[in-house]
Every structure is written in C-alpha cells, then in structure tokens.
1. Rank-order 31-44, 105-118 by packing density, defined as the average count of other C-beta atoms within 10 Å over each peptide's residues, highest first.
2. Could you order the peptides 56-63, 93-100 from most to least packed, using the average number of other C-beta atoms within 10 Å per residue?
3. If you line up the long axis of helix 142-158 against the longest principal axis of the chain, both from Cα atoms, how many degrees apart are they, to the nearest 10?
4. I'd like the orientation of helix 164-195 relative to the chain: the angle between its Cα long axis and the longest Cα principal axis, in ° from 0 to 90, rounded to 10.
5. Relative to the first principal axis of the alpha-carbon coordinates of the chain, what is the inclination of helix 20-29, with its axis defined by its Cα atoms, in degrees from 0 to 90 and to the nearest 10?
6. So what is the relative contact order for the range 4-195, in percent, with contacts set as C-alpha pairs under 8 Å and at least six apart?
7. State, as an integer percentage, the relative contact order of the range 91-158 based on alpha-carbon contacts under 8 Å between residues 6 or more apart.
8. Just report the Cα centroid separation between the range 68-138 and the range 145-180, whole Å.
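Here, each number is a calculation from the coordinates, and none is a lab measurement. In this text the structure is predicted, and so the values were computed from the model without any measurement. Methodologically, a virtual Cβ is constructed for each residue, glycine included, from the backbone with ideal geometry; neighbour enumeration extends over all protein chains shown.
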C-alpha cells in the first residue's frame with residue numbers, strides 16, 4: 001500500500017544514493033580527497049543508526065542509514081589509499097573521543113542514551129572534515145552534503161514512529177550536513193576573494 005511513509009522512504013533512499021554520486025565522481029576525477037577518520041566514523045555510526053532506528057520502530061525511515069553505511073565503507077576504502085594524508089593530533093584526539101564514547105555506548109544498553117551518544121559521535125566525525133575544508137574547501141562536494149540533508153529530511157518523514165530514539169539522530173545529521181554546506185560555500189567565497 002502506498003502511504004506517506006513509503007513515499008518518503010523511496011525519496012530518502014534515493015537521495016541517500018544520489019548524495020554519493022557527485023562524491024564518487026569527484027573521487028574518480030581526483031578532485032575530492034576524503035578524510036578517512038570522518039568517513040570511518042560515519043560508516044560505523046550510520047550502520048549503528050540503522051540498527052537502532054529499525055529495531056525501535058523506525059521502519060522505512062531507517063533504510064537511508066543502512067544504504068549510507070554501505071556506501072561510506074566504499075569511501076573509507078578509497079580514503080585509505082587516496083584520501084587526505086594530513087592527519088593531525090586533533091584528528092587523533094577526535095578519533096580517540098569517538099572510540100571512548102562508543103565504548104560507553106556499548107556498555108549502557110539504554111536506547112535513548114545510546115542514540116544521543118551515537119549522534120554526538122557522528123557529529124564529532126565532522127570535525128576533521130571541517131578542519132580540512134577550512135584550508136581546502138574544494139576537496140569536498142557541497143552537493144553531496146546537500147543531498148545528505150535532503151535524505152535525512154525525508155527520512156524523518158518516513159519514520160513510522162517519531163520518538164527520541166528514532167528522530168534525534170537524523171535531526172542531528174540535518175544540522176551537521178547543512179552546517180557543512182554553508183561552511184564550504186562561505187570558505188569558497190573567501191578563497192575566491194583572496195585570489196582575485
């Protein structure tokens with residue numbers, strides 16, 4: 001039966017695939033260099049987000065997490081061989097904090113606290129990409145993160161159950177992706193002005 005959740009699921013998953021299209025094109029053209037720490041974080045956490053959302057009544061709104069987790073793994077593999085090689089101490093600190101928070105999450109068994117921790121870890125995963133993009137804003141695809149925003153927007157509409165456990169994570173990703181798009185566009189304008 002076709003209902004709002006099914007329509008939003010199809011739209012969300014479609015944007016989930018589409019967001020990777022410009023990114024993969026950029027990877028093959030060698031115009032984009034992913035930061036392995038960010039993408040590893042996102043691969044693990046979107047997979048975890050899928051499990052949490054689906055097992056807590058998220059239904060079709062969960063599927064975008066599963067799709068994106070698989071595609072993030074592909075970017076991680078690429079990043080290992082051809083990604084950003086400038087790994088700083090702050091990147092290691094963020095990765096350490098992510099690992100520590102993930103251990104706490106595994107020990108809690110509380111779905112609400114767990115989803116808050118997972119969303120927080122995911123948000124921290126953006127830090128290396130923001131840091132890298134400050135210097136190299138053209139090394140990331142703003143279109144990719146715009147599609148991610150749309151994917152999670154429709155994911156919220158596709159949820160069968162709107163609870164803190166199912167809705168908090170996609171909401172955080174809406175904020176993170178829109179912030180990164182705005183940041184990339186501003187940094188590109190600043191760099192253009194300094195070149196001219």
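1. Descending packing order for the listed peptides: 31-44, 105-118.
2. By packing density, highest mean first, the sequence is 56-63, 93-100.
3. Roughly 10 degrees between the two axes.
4. 20
5. Rounded to the nearest ten degrees, it is 30.
6. Taking the mean separation of contacting Cα pairs over the length of the range 4-195, I get 35 percent.
7. Relative CO of the range 91-158 lands at 30 percent.
8. 17
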